[in-house]
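Data block below; observations after.
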Amino acid sequence: MISANLTVARPYAKAAFELAQSAGDFEAWSARLQLAAAVVSVPEVIAFLQHPKITPDQMVELLTDVCQSTLDDQGRHFIKLLSANRRLLLLPSIASEFEMYRREAEKVTPVTVTTAFPLSEAQLQALTAALTKRVGGHIELESIVSRDVIGGAVIRMGDRVIDGSLRGKLNNLAIAVAS
């Protein structure tokens with residue numbers, strides 16, 4: 001179901017991305033899509049949008065009323081298009097895909113660092129500087145704390161993983177001893 005939603009959401013996300021790119025306004029489109037995605041994720045709104053007697057115009061009215069501060073004419077037209085095609089519930093997937101296209105266009109690499117203990121602000125800044133230099137562009141750093149790593153850190157950048165965790169070293173040692 002999730003991959004089917006993503007397949008249907010992708011062309012809408014691409015269209016929103018192209019509109020944002022032509023207007024040079026990624027920031028506004030991100031805000032617009034994130035807010036609309038949050039609205040359609042509320043259980044009561046989901047029930048409303050799924051009700052068979054609710055018309056596309058009523059759906060548009062609900063979203064434009066709630067999101068009016070972020071919607072311009074293009075945004076309202078986009079909501080109308082989604083509503084007419086009964087695709088408003090795909091907004092979380094559309095927003096997610098849009099952000100992926102945006103990061104790619106802005107050459108931003110998402111990076112996740114997992115450590116056993118929270119990193120200090122100085123450590124985060126040093127890590128951000130080192131990784132920015134390594135990837136040759138901007139990074140979007142997310143820090144996660146997980147006791148599973150025991151010590152050290154695991155860094156994920158796209159499909160690359162740098163495992164400097166104590167758990168990883170222990171696993172490598174166990175494999176070497178078993179060989």
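Summary table
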read-out: Single condition Pro43 does not satisfy, out of (1) free of Cβ contacts under 8 Å to residues at least 40 places away in the same chain; (2) crowded, with 17+ Cβ neighbours inside 10 Å; (3) not small (Gly, Ala, Ser); value: (2)
read-out: Meets criteria (loosely packed, with under 15 Cβ neighbours inside 10 Å and at pLDDT 90 or above) for Ala130; value: no
read-out: Residues of the stretch 93-119 that turn out to be more than 10 Å from the chain's Cα centre (by Cα) and among the small types (Gly, Ala, Ser), as a count; value: 2
read-out: Residue, surrounded by the most Cβ atoms within 10 Å (Cβ to Cβ), within the stretch 74-110, restricted to residues that are at pLDDT below 90 and charged (D, E, K, R); value: Arg103
read-out: Residues (in contact with a strand residue (DSSP E or B) (Cβ under 9 Å, 6 or more places away or on another chain) and among the aliphatic types (A, V, I, L, M)) located in the stretch 141-179; value: Leu141, Ile144, Val145, Val149, Ala153, Val154, Ile155, Met157, Val161, Ile162
read-out: Flag for Glu99 being on the phi < 0 side of the Ramachandran plot, among the acidic types (Asp, Glu) and in the same structural domain as Gly164 (by TED's automatic domain parsing); value: no
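The values are calculated or read from the model by the stated rules, or taken from the named source; none is laboratory data. What you see is a predicted model, and the numbers here were worked out from it, not measured in a lab. As a convention, Cβ positions derive from the backbone with ideal geometry for all residues, glycine included, and neighbour counts pool all protein chains shown.
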